[in-house]
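The values are calculated or read from the model by the stated rules, or taken from the named source; none is laboratory data. In this text, all values refer to a predicted model and were calculated from it rather than measured experimentally. Just so you know, the surface numbers come from the protein's heavy atoms only, side chains and all, with ligands and any DNA or RNA stripped out. Shrake-Rupley method; radii C 1.70, N 1.55, O 1.52, S 1.80 Å.
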Amino acid sequence: MVSINGILLKTVILVSFFILLFSANAESRPLRSKRAVNEVQLMHNLGVHKHVELRQDWLQMKLRGIHTASVKNTDIIPELKELNPGEAEEIMAVLEKLMNPS
């Protein structure tokens with residue numbers, strides 16, 4: 001037969017173990033479930049900051065695909081070394097007319 005003292009001892013040990021387990025678990029959780037106003041504001045600011053970073057990264061990726069520089073066609077413009085003085089004067093006259101239309 002099992003004595004009453006043995007059952008009582010096992011019960012006390014088991015109850016003390018559960019009390020210890022729940023008290024250790026309670027320390028890891030906050031005592032109150034509501035957050036302070038500054039915590040909520042900080043979390044909001046963090047979310048906005050992350051959103052801005054994502055938007056900037058997206059914009060950078062889109063801008064990388066855009067090339068604004070035009071491709072120069074070197075076949076149209078002759079080498080300046082190949083021009084004779086008469087051709088150079090004609091080109092200068094055309095450029096002056098373009099610069100001063102009046």
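Brief remarks on what is shown
- Accessible-area rank, largest first, for Glu89, Glu53: Glu89, Glu53, with all protein chains present and a 1.4 angstrom probe.
- Taking all protein chains as they are arranged and a probe of 1.4 Å, the heavy atoms of Leu42 leave approximately 120 Å² accessible to solvent.
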